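Below: the structure, in structure tokens.
The values are calculated or read from the model by the stated rules, or taken from the named source; none is laboratory data. Everything numeric here is computed off the predicted structure, so don't read it as measured data. When we count neighbours, we look across all protein chains shown, and the Cβ atoms used for this are built from the backbone with ideal geometry, even at glycine. Remember, those area values only see protein heavy atoms, side chains included, never the ligands or the DNA or RNA. Shrake-Rupley method; radii C 1.70, N 1.55, O 1.52, S 1.80 Å.
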Amino acid sequence: MPGEQGAARSFVAWVRTRGAALLIFVALFVVWEVAVRVTGIKEYLLPPPSTIWTEFWKRHDTVALGAWVTTQEILAGYALAVVVSVPLALAVAYSRFMEEAVYPVIVFLQIIPKIAIAPLFIIWFGFGFTPKLLLVFLLSFFPIVVSSIAGFKSADADIMDFARTTGASGWTLFRKIRLPQALPHIFTGLKVGAALAATAAVVAEFVASDRGLGYLLLQYNGQLDTPMVFATIVILSLIGLVVYYAVEVVERLAIPWHVSQQATAKDATL
Amino acid sequence: MTAPSVATAATRIVAATDASPPYVALTGVTKVYRRAGREETRALDRVDLTIREGEFLAIVGPSGCGKSTLLRLVAGLHLASTGEVRVDGRVVDRPQTNLGIVFQSPVLLDWRTALANVLVQVELRGLDPAAYRDRARRLLTQVGLADFGDRYPHELSGGMRKRVAIARALIHDAPLLLMDEPFGALDALTREQIRLDLEALWLATRKTVLFITHSIDEAVLLADRVVVMSPRPGRIERILDVGLPRPRGLDARRAPEFTRATEAITEIFLARGVLHGAARPIGQE
Ligand SMILES: Nc1ncnc2c1ncn2[C@@H]1O[C@H](COP(=O)(O)OP(=O)(O)OP(=O)(O)O)[C@@H](O)[C@H]1O
Ligand SMILES: [Mg+2]
């Protein structure tokens, strides 16, 4: 029971803090709906929200299928990026060779507009799942690896001096000092990467695909089925939002001290 | 000028510590900070100093005279450019671990509560934190943080953080205590109380203490000997024996020895231009 009450209370608190934003959203939809009806704008230019909803509901299973495909690409590519970039960041931060050999390459590759590589992936890996996964991986990879390296290298000089007076060995030092100190940076990268993952999946589907939300988007666009274009965009945004918030929830669980520290800082500046 | 009984008591204490072997010894120590493309900084210049086992030694000196540098040299966190530092007979050529250290800034871990910040000292040493939990709580109580053990550093005031750092330096009961302006961020009242507590602790444990401070009063009230340093390049200007009987308590400020010592130190700073008698409003010629 207390758990349920707590949940209810936190929901109320959530509504209270996000209430204004919700209200603006609702107002926006109302204004949109009314404006379209009053001015009589053509539906293929700007459909009212009600039409978007009814059209979407008619074909929601097609969209759901596409959403599932895109979600898989996002999750797989993102997971691969996390699994590769955090250990790589560790290696770069702790091995002089890796730092001198690999880090400059990473910095250089980061400058390449990754999306421009998408057509190449199609040539190399065909039309299937692989090129999408790789593009998601590529876009998420850089922010995660760069901020993780920064995190692992960020060791505060005074804290390290204190640690040296305890004679702590490498592994203890890593576990108790370096890793916790790196986590806020790593999570910053993870969140940026998560935000980019959905974009990457859609772009990859734009380039060549026969399924997924990006594919549907192009189809609807070609048919001037604007309500469905809107509906697809909304679903895409929702997927991106869910992935992002999932990372944020993990962050809250992993480094509550940092999150509350930021909250305190925000309170202080308000 | 002084009551003879006090004078003899004072001599007795000094004589007792005189007999103790040196625990920390600096001979001809110079520290020059070099950085590419920058002028080098001579932070310490030919410093000779010994701290006897069980002695409470304080260093006073103006900002930038090399006090923190000296402390880091003793801890082995910096190495001397020339000269030799020895602790417990061994040459210091790497970070020392048989000590407790309070840095000038609190240097706490943001992700740990106050209690866990105290315990990190024993965890990093590979000891079992559970065995030290009670002791950590007691130390937090002693520094006036009984109710703040579960707070994170960002929820503590500057002075509170400093007190956590003091507790952390004491938890593992090391024989050498290095304290760099440990009472720096404390209010006058807490400062006075914690000074009394530190003296009591020292009297009970007889650790060797190197205590850095800006406060002439504090140095005289706490230390057996006060080292007065001159502005850059840091040199030892004078070493004063403080003849105050212990425990010094709150009345020590009224003792003639206190006045004599603080005045002597003030004289030195006046002569060196660290202090100048007449007040000049800041911002005017
Ligand atoms: N890591 C460093 N690199 C270069 N110069 C340094 C370094 N640490 C200290 N210095 C310089 O050495 C001199 C002495 O510094 P130190 O920190 O020892 O002074 P201090 O007596 O502790 O001063 P304060 O009372 O303000 O803490 C200063 O001029 C400072 O700029
Ligand atoms: Mg200093």
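Given the criterion within 14 Å of another protein chain (Cβ to nearest Cβ), open to solvent by 20 Å² or more (accessible area, probe 1.4 Å) and either within 26 Å of the chain's Cα centre (by Cα) or not acidic (Asp, Glu) (or both), identify the matching residue among A:Leu179, A:Leu138, A:Leu224, A:Leu218.
Just a single option satisfies the conditions, and that option is A:Leu179.
What are the residue pairs meeting all of these: first residue in the range B:156-181, first residue within 12 Å of another protein chain (Cβ to nearest Cβ) and open to solvent by less than 10 Å² (accessible area, probe 1.4 Å), second residue small (Gly, Ala, Ser) and within 16 Å of ligand 1 (Cβ to nearest atom), Cβ atoms under 8 Å, and 6 or more apart or on different chains?
Close Cβ pairs satisfying both conditions: B:Leu178/B:Ala75; B:Asp180/B:Ser68.
Report, by residue number, each residue of the range B:47-67 that is over 26 Å from B:Pro21 (Cβ atoms) and hydroxyl-bearing (Ser, Thr, Tyr).
B:Ser63, the sole residue that qualifies.
Condition test on A:Asp158, is it within 14 Å of another protein chain (Cβ to nearest Cβ) and open to solvent by 30 Å² or more (accessible area, probe 1.4 Å)?
Answer is yes for this residue.
Output the residues belonging to the range A:231-256 that are open to solvent by less than 60 Å² (accessible area, probe 1.4 Å) and not β-branched (Val, Ile, Thr).
A:Ala231, A:Leu236, A:Gly240, A:Ala246, A:Glu248, A:Glu251, A:Ala254 - these are the residues of the range A:231-256 that are open to solvent by less than 60 Å² (accessible area, probe 1.4 Å) and not β-branched (Val, Ile, Thr).
Please go through the range B:49-98 and give me each residue that is within 14 Å of another protein chain (Cβ to nearest Cβ) and part of a loop (DSSP other than H, G, I, E, B), ordered by number.
Hits for the range B:49-98 are B:Gly76, B:Leu77, B:His78, B:Leu79, B:Val92, B:Asp93, B:Arg94, B:Pro95, B:Gln96, B:Thr97, B:Asn98.
Any residue in the range A:185-193 that is open to solvent by less than 20 Å² (accessible area, probe 1.4 Å), within 14 Å of chain B (Cβ to nearest Cβ) and more than 30 Å from A:Pro49 (Cβ to Cβ)?
yes
Mind listing just one residue for me: the one in the range B:81-102 that is closer than 27 Å to B:Ile268 by Cβ and crowded, with 21+ Cβ neighbours inside 10 Å and, of those, nearest to ligand 2 (Cβ to nearest atom)?
Per the stated criteria, the residue is B:Val102.
For B:Trp111, only one of the following conditions fails: (1) among the aromatic types (Phe, Trp, Tyr); (2) within 23 Å of B:Glu218 (Cβ to Cβ); (3) within 13 Å of chain A (Cβ to nearest Cβ). What is its number?
For B:Trp111, the exception is condition (2).
What is the number of the single condition among (1) of a type outside the set (S, T, N, Q); (2) within 13 Å of ligand 2 (Cβ to nearest atom); (3) free of Cβ contacts under 8 Å to residues at least 12 places away in the same chain that B:Gly61 does not meet?
With respect to (1) of a type outside the set (S, T, N, Q); (2) within 13 Å of ligand 2 (Cβ to nearest atom); (3) free of Cβ contacts under 8 Å to residues at least 12 places away in the same chain, B:Gly61 is out only on (3).
Kindly list, by first and then second residue, each pair from a residue in the range B:272-285 that is open to solvent by 100 Å² or more (accessible area, probe 1.4 Å) to a residue that is modelled with pLDDT of 70 or more and not in a loop (DSSP other than H, G, I, E, B), limited to pairs with Cβ atoms under 6 Å and residues at least 6 apart or on different chains.
Listed by first residue and then by second, the contacts come to B:Arg272/B:Ser230.
Considering each residue of the range B:45-70, count those that are near ligand 1 (Cβ under 8 Å from one of its atoms) and either open to solvent by less than 70 Å² (accessible area, probe 1.4 Å) or touching an Asp or Glu at 6+ places or on another chain (Cβ under 6 Å) (or both), and give that number.
The number of residues fulfilling the criteria is 9.
I'd like to check which strands (runs of 3 or more DSSP E) are fully inside the range B:191-285 and have at least 2 residues that are within 24 Å of B:Ser63 (Cα to Cα), within 16 Å of ligand 1 (Cβ to nearest atom) and modelled with pLDDT of 95 or more. Write out each step before concluding.
Numbers: elements: B:208-213, B:225-230, B:235-241.
Correct list: B:208-213, B:225-230.
On the basis of being surrounded by 14 or more Cβ atoms within 10 Å (Cβ to Cβ) and within 14 Å of another protein chain (Cβ to nearest Cβ), does A:Ser147 make the cut?
Here the answer is no, as A:Ser147 does not meet what is asked.
Starting from the range A:20-40, keep only residues that are surrounded by 11 or more Cβ atoms within 10 Å (Cβ to Cβ), then list their pairs with residues that are part of a helix (DSSP H, G or I) and not polar (S, T, N, Q) whose Cβ atoms are within a distance under 8 Å, requiring at least 6 positions of separation or different chains.
Pairs that qualify, where the first residue is surrounded by 11 or more Cβ atoms within 10 Å (Cβ to Cβ) and the partner is part of a helix (DSSP H, G or I) and not polar (S, T, N, Q), are A:Leu22/A:Val15; A:Phe29/A:Pro49; A:Trp32/A:Pro49; A:Glu33/A:Pro49.
What tally of residues in the range B:177-192 results from selecting those that are farther than 15 Å from B:Ala75 by Cα and either away from ligand 2 (no atom under 16 Å from the Cβ) or among the aliphatic types (A, V, I, L, M) (or both)?
8
Checking B:Ala36 against (1) at pLDDT below 95; (2) more than 16 Å from ligand 2 (Cβ to nearest atom); (3) more than 14 Å from B:Leu176 (Cβ to Cβ); (4) touching a Pro at 6+ places or on another chain (Cβ under 9 Å), which single condition isn't satisfied?
For B:Ala36, the failing item is (4).
Condition first: farther than 19 Å from A:Phe162 by Cα and part of a helix (DSSP H, G or I). Can you find one or more residues in the range B:164-174 that meet it?
No, every residue in the range B:164-174 fails to be farther than 19 Å from A:Phe162 by Cα and part of a helix (DSSP H, G or I).
Which one is nearest to the other protein chains (Cβ to nearest Cβ), of the residues in the range B:120-138 that are of a type in the set (A, V, I, L, M, F, W, C) and buried (at least 17 other Cβ atoms within 10 Å of the Cβ)?
Only one residue fits best here, namely B:Leu124.
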